[in-house]
Amino acid sequence: MKLVFAGTPEVAVPALDALIASGRHEVAAVVTRPDAPAGRGRRLVASPVAQRAEEAGIEVLKPHRPRDEEFLARLREIAPDCCPVVAYGALLPRVALDIPVHGWVNLHFSLLPAWRGAAPVQHSVMAGDEITGASTFLIEEGLDSGPVYGTVTEAVRPTDTSGDLLTRLALAGSGLLAATMDGIEDGTLEAVPQPAEGVSLAPKITVEDAQVDWSAPALRVDRVVRGCAPAPGAWTTFRGERLKLVQVGPVPERTGLAPGALEVGKNSVHAGTGSYAVELLWVQAQGKKPMRAADWARGVRIASGEILGS
C-alpha cells in the first residue's frame with residue numbers, strides 16, 4: 001500500500017522505521033507537527049519524526065492544523081491507501097479521515113478500551129497495572145474509540161518508569177503496526193468494535209497531578225514517582241521550594257514515620273507516608289541537576305522534625 005505516516009515525538013520513530021524497513025509498503029510522505037522551539041536558545045527544531053523522514057528522503061508535511069486546505073489538497077494528490085499514526089499530537093477532522101481508502105490507523109499504547117487518552121502509559125503505571133500493551137485501531141471522531149485491529153501485551157515491571165515502559169511498547173508496537181498494515185493490505189484483518197465495558201480514561205498528566213501526597217500509602221507514592229518519570233516529574237516541597245523526586249523505593253520494614261517526615265542516615269534518606277516509609281534515592285532541587293538524595297541531604301543539612309510537602 002501507499003502510506004502517509006503521521007507522528008511527532010521520538011516514541012513514534014521505531015514505527016516509522018519498521019514501515020520503511022518492511023519493503024512491502026511505500027511510505028510516500030510523513031505528517032508531523034510544525035518545528036518547535038527547543039534548548040536554551042529556543043531555536044526552532046524539527047520533530048524527531050521529521051528528522052528521521054528527511055534522513056530517509058521522505059517528503060515531510062508540517063501543517064499548523066490538519067484541516068488546512070493546502071495540506072488536505074496535498075494529501076489528496078498523494079492519494080494514500082492508509083495513514084498509520086503514532087503520537088501525532090493533533091485532532092484529525094472528518095475531511096482528512098475520509099481521504100485514505102483504508103482510513104487512519106492509530107498505534108495506541110494501551111489495551112483498549114482501557115486508558116483512552118493522551119497519557120495511557122503514565123496512568124497504567126500510576127494505577128499499578130501488572131499488564132498493559134499496545135493496540136492498533138481505526139480512528140473515528142471519538143476519543144480512541146474506533147474498532148481494534150490487533151494488540152500486543154507487555155508486563156509492567158515493579159521498577160518501571162513511564163519512560164522505561166514506553167520505550168518497550170514503542171518497539172513492540174512498531175511490529176504490530178507493520179503487521180496491521182500487512183493484514184489490511186491482504187484482507188486478512190478485520191477491525192473489531194471495542195467492548196462497552198472496561199473503558200478508562202487517561203488524560204494528560206498535569207504538574208498538579210504530579211505533586212506527591214505524603215498521606216497516601218508508600219506504594220501509591222512510588223507509583224506516582226515512576227508514572228511521572230521522565231515527565232512531568234513527581235515533586236514535593238521542601239523549605240518552601242519545589243523538590244523533584246526522581247526515584248524512590250518503598251521500605252516496608254521502616255514504619256512509624258509521620259507522612260512527609262524525614263529521617264536522615266549516614267547514606268540514606270527516608271520519608272514517611274500513609275503506610276510505611278519510602279527511601280529517597282534521587283532528587284532534583286530547583287536550579288540543580290539530579291543528585292543522590294543522601295548527597296542532597298548533606299548539602300541542605302536537614303534539621304530534626306523537618307518534613308516534605310509542608
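The values are calculated or read from the model by the stated rules, or taken from the named source; none is laboratory data. Quantities reported herein were computed from a predicted structural model and do not represent experimental measurements. Positions of Cβ are generated from backbone atoms using ideal geometry, with glycine treated the same way; all protein chains shown enter the neighbour counts. All accessible areas refer to the heavy atoms of the entire protein, side chains included, with ligands and DNA or RNA removed. Shrake-Rupley method; radii C 1.70, N 1.55, O 1.52, S 1.80 Å.
Heavy-atom surface analysis with a 1.4 Å probe gives the chain a carbon and sulfur content of 52 percent of its accessible area. Given springs between every Cα pair under 10 Å in a Gaussian network model of the chain, which of Leu19, Leu281, Leu177 has the largest fluctuation? Largest GNM mean-square fluctuation: Leu281. Our summary of shape: the Cα atoms of the range 41-117 have principal axis extents of 40, 32, 23 Å, ordered from largest down, in whole angstrom.
Between the range 212-236 and the range 28-49, the alpha-carbon centres lie 30 Å apart. Using the heavy atoms of the protein chains and a 1.4 angstrom probe, tell me the accessible area per residue for the chain in square angstrom. Heavy-atom SASA per residue in the chain reads 48 Å². For the range 191-310, the alpha carbon convex hull comes to 139 Å³ per residue, rounded to a whole number. Using the Stokes-Einstein relation with a Kirkwood hydrodynamic radius computed over Cα pairs, the translational diffusion coefficient of the range 19-86 at 37 °C and a viscosity of 0.692 mPa s comes to 247 µm²/s.
Per-residue SASA remark: His102, around 70 Å² accessible (1.4 Å probe; ligands, DNA and RNA not included). With all protein chains in place and ligands, DNA and RNA left out, the 1.4 Å accessible area ranks Val156, Val207 as Val207, Val156, largest first. Of the labelled figures (1) 144; (2) 127; (3) 174, only one reflects volume of the Cα convex hull per residue in Å³ as derived from the coordinates, namely (1). Amide H contacts under 5 Å for Gly260: Gly272, Thr273, restricted to partners 5 or more places along the chain or on a different chain, H placed in the peptide plane at 1.01 Å from N.
Comparing mean-square fluctuations of Val192, Val300, Val27 from a GNM of the chain with C-alpha springs under 10 Å, the top value falls on Val300. What percent antiparallel are the DSSP beta bridges of the chain, to the nearest 5? About 70 percent, rounded to the nearest 5. Please compute, over every Cα-Cα pair in the range 1-151, the percentage with a separation greater than 24 angstrom. Pairs farther apart than 24 Å: 33 percent.
A straight line joining the Cα centroids of the range 119-186 and the range 269-308 runs 35 Å.
Straight distance only, please: which aspartates and glutamates reach the Cα of Lys266 with their own Cα at less than 12 Å, same-chain residues fewer than 8 apart left out? Leaving aside aspartates and glutamates fewer than 8 places away in the same chain, those within reach of Lys266 are Asp295. Counting only aspartates and glutamates at least 8 places from Lys288 when in the same chain, those with an alpha carbon closer than 16 Å to its own are Glu241. Between Val95 and Asp186, residue separation times 0.36 nm minus the direct Cα-Cα distance comes to 30.2 nm. Under 22 Å from the Cα of Lys2, which lysines turn up, not counting those fewer than eight places away in the same chain? Straight-distance partners of Lys2: Lys62.
Under DSSP H, which helices of the chain have Cα atoms covering 24 Å or more of the helix axis and a Kyte-Doolittle average no less than -0.5?
162-186
For the pair Ser22 and Glu141, label points projected 7 Å from Cα toward Cβ lie 2.9 nm apart. With a simple spin-label model that places each label point 7 Å from the Cα along the Cα-to-Cβ direction, the separation between Ala127 and Asp35 comes to 4.0 nm.
Direction-averaged shadow area of the convex hull around the Cα atoms of the range 114-246, nm²? Directional mean of the projected Cα hull area for the range 114-246 stands at 9.1 nm². Of the trypsin sites (Lys or Arg not before Pro) found in the range 259-310, those that fall in a DSSP loop while having at most 10 other beta-carbon atoms within 10 Å are Lys266, Arg301.
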